[in-house]
Amino acid sequence: MEETNKFQTDSNHSLISPIRCSHPDAERWNGRYQSDGKYQQQGHPSQLLQDFAYLLPPGGVVLDAAAGVGLNALFAAQQGMKVVALDISEVGLRLLRQKAAELGVVVDTAVFDLITPYFPPNCVDVLLNFRFLERAAFPAYRQALRPGGLLFFETFVHTEAGDTPTYLLEPGELPQAFADFEIVHSVETAVRGPRSGKWRDIAQLIARKKGD
Ligand SMILES: C[S@@+](CC[C@H](N)C(=O)[O-])C[C@H]1O[C@@H](n2cnc3c(N)ncnc32)[C@H](O)[C@@H]1O
């Protein structure tokens, strides 16, 4: 089986796309992106990213993990960042590339499984994780960020009693998981979905890797 979870770096430590292949969940996400016309339209990047865009280091490398159709990746590229977008859905990434061409920006894309990822140490300035949770990827996020690099994280929180789906955070979990980082912003609140407009409980974290 081909490997989808390894990056290599060239001599400048820039990211090179890994080999492409399929993933069991990719079919579901590909179908959704293909059949639901809302994904063909322009949506809004995360308000968190917009509000804290001033923290983005000019010209830095941004890794958008589980980028989907890339609302946040495109926004970062429009801010002059070098952006790499990863997702298991090649359809989502194709829509992202089409939108990037329309907007006149460049975003590198790679089909990539974040369940057991490997990233080389200290290769990105900013890591984006929006509306996606794969706890097994946390060590790789930690490794990929350069000292001083920023993690932007926003995803859904489990707020009611009962079973916790694995893709929902527990209240307070996010700042605890990155307690070794400098916490710049940490909030649990309700926000509207970028396309559905539905209110959802979410946790937001912006955290800086120490050691700069
Ligand atoms: C709710 S969407 C979020 C997309 C984008 N981050 C945003 O906020 O608009 C979740 C994304 O996670 C991707 N995904 C699911 N499992 C994944 C995995 N194991 N590795 C990489 N991407 C995955 C899906 O294909 C989908 O695009």
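No value in this document is a laboratory result; all are computed from the given coordinates. Source: prediction; values computed, not measured. Positions of Cβ are backbone-derived with ideal geometry, glycine not excepted, and every protein chain shown enters the neighbour counts.
Classify the chain from the C-alpha gyration tensor, please: rounded if a/c falls under 1.5, else prolate or oblate depending on whether a/b exceeds b/c.
Note, shape of the chain comes out rounded.
How many angstrom lie between the Cα centre of the stretch 146-212 and the Cα centre of the stretch 95-127?
Rounded to whole Å, the Cα centres lie 20 Å apart.
To check you understand DSSP bridge types, tell me what percent of the beta bridges within the stretch 94-212 (both residues inside) are antiparallel, rounded to 5.
70 percent
What order, most packed first, do the peptides 68-75, 33-40, 172-179 have when packing is the mean number of other Cβ atoms within 10 Å of each residue?
Numbers: 68-75: 25.8, 33-40: 13.1, 172-179: 16.2.
For the peptides 68-75, 33-40, 172-179, the packing ranking is 68-75, 172-179, 33-40.
Exceeding 29 Å between C-alpha atoms, which entries from my cross-link table qualify? They are 99/210; 82/198; 99/209; 82/209.
The pairs that break the limit, which is 29 Å between Cα atoms, are 99/210; 82/198; 99/209.
Sort 119-126, 80-87, 156-163, 107-114 for me by packing, meaning the mean count of neighbouring Cβ atoms within 10 Å per residue, highest on top.
Numbers: 119-126: 19.5, 80-87: 23.6, 156-163: 12.1, 107-114: 22.0.
Highest to lowest by the protection proxy: 80-87, 107-114, 119-126, 156-163.
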